[in-house]
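The values are calculated or read from the model by the stated rules, or taken from the named source; none is laboratory data. In this text, all values refer to a predicted model and were calculated from it rather than measured experimentally. With ideal geometry, Cβ positions are generated from the backbone for all residues, glycine too; neighbour counts draw on all protein chains shown.
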Ligand SMILES: [Zn+2]
């Protein structure tokens with residue numbers, strides 16, 4: 001099979017993971033900017049991270065023949081500090097023309113706080129002004145439903161944003177409908193302990209249609225499975241889906257969304 005891993009934090013993974021991805025048919029990996037497992041002490045920490053995402057990590061992936069793309073922003077967790085967040089956003093234009101930067105993400109909400117909302121709005125405004133694709137993180141567990149509603153309402157209220165150019169990630173059974181009905185794309189994250197398992201993700205596809213959904217591993221420094229995407233494909237085979245449908249879901253869907261950024265060439 002061939003597939004695209006549309007959401008993986010490769011800076012915290014090993015070269016073995018790169019080998020596993022390419023040997024299972026991965027054709028491109030996309031890395032949103034996110035929390036590093038610790039809070040950075042200054043905007044300079046983000047400047048270095050953006051260099052890692054745009055310079056070093058694509059070179060590391062290229063050693064294994066894997067195209068690496070990224071998204072830039074300050075993640076919602078660290079966006080609680082408004083001064084820091086504004087400084088970090090002001091660094092983004094320096095990196096925006098880089099040939100592997102796909103857009104602004106993963107922005108969104110963590111605890112649904114007032115400050116997070118202020119910075120989410122600033123990111124959306126930035127994306128509108130610079131005509132960028134948007135990738136959105138939704139909160140965990142008990143904060144997810146409320147946070148997803150806040151995000152959907154905020155982005156929908158900005159008439160400059162085409163919802164077909166926004167992907168709202170980490171959707172689950174109780175949030176997928178509102179995301180798709182508003183015209184956005186949805187991402188399902190295949191985690192062993194939280195978010196979606198493969199069977200749940202495929203149930204969601206069967207219930208809500210597969211046209212604007214993708215699956216990702218969101219593998220990072222925590223408990224996560226870099227091969228969760230091909231494992232989900234295996235679960236689809238077990239349920240009797242043919243190769244063509246599997247190719248639609250795991251390759252053509254992410255390609256269709258990502259290719260709206262002309263820099264996404266594989
Ligand atoms: Zn992520």
Margin query: With the requirement that a residue be within 15 Å of the ligand (Cβ to nearest atom) and either in a loop (DSSP other than H, G, I, E, B) or more than 17 Å from the chain's Cα centre (by Cα) (or both), what does the range 173-192 give you?
Written below: 191
Check: For the range 227-238, which residues satisfy the criterion of being closer than 14 Å to residue 204 by Cα and either free of Cβ contacts under 8 Å to residues at least 40 places away in the same chain or more than 22 Å from the chain's Cα centre (by Cα) (or both)?
Finding: 235, 236
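For (1) farther than 25 Å from residue 173 by Cβ; (2) more than 14 Å from the ligand (Cβ to nearest atom); (3) in contact with a helix residue (DSSP H, G or I) (Cβ under 9 Å, 6 or more places away or on another chain); (4) in contact (Cβ under 8 Å) with a residue 40 or more places away in the chain, each residue gets a yes or a no:
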{"position": "62", "(1), (2), (3), (4)": "yes, yes, no, no"}
{"position": "76", "(1), (2), (3), (4)": "no, no, yes, yes"}
{"position": "119", "(1), (2), (3), (4)": "yes, yes, yes, yes"}
{"position": "129", "(1), (2), (3), (4)": "yes, yes, no, no"}
Margin query: I'd like to check something: does the range 232-239 contain any residue that is closer than 30 Å to residue 131 by Cα and out of contact with any strand residue (DSSP E or B) (no Cβ under 7 Å at 6 or more places or on another chain)?
Written below: no
Notebook entry, point to check: Only one residue in 103, 65 is over 18 Å from residue 39 (Cβ atoms), in a loop (DSSP other than H, G, I, E, B) and modelled with pLDDT of 95 or more, so which one is that?
Noted result: 65
Check: What residue, among those in the range 175-198 that are modelled with pLDDT under 95 and out of contact with any strand residue (DSSP E or B) (no Cβ under 9 Å at 6 or more places or on another chain), is surrounded by the most Cβ atoms within 10 Å (Cβ to Cβ)?
Finding: 191
Margin query: Can you tell me how many residues within the range 23-45 are touching a strand residue (DSSP E or B) at 6+ places or on another chain (Cβ under 9 Å) and within 15 Å of residue 71 (Cβ to Cβ)?
Written below: 7
Notebook entry, point to check: Is at least one residue of the range 5-28 closer than 17 Å to residue 104 by Cα, within 19 Å of the chain's Cα centre (by Cα), within 13 Å of the ligand (Cβ to nearest atom) and assigned to a helix (DSSP H, G or I)?
Noted result: no
Next item on the list: Report, by residue number, each residue of the range 230-266 that is in a helix (DSSP H, G or I), under 21 Å from residue 184 (Cβ atoms) and either modelled with pLDDT under 95 or out of contact with any helix residue (DSSP H, G or I) (no Cβ under 6 Å at 6 or more places or on another chain) (or both).
Entry: 248, 249, 251, 252, 253, 254, 255, 256, 257, 258
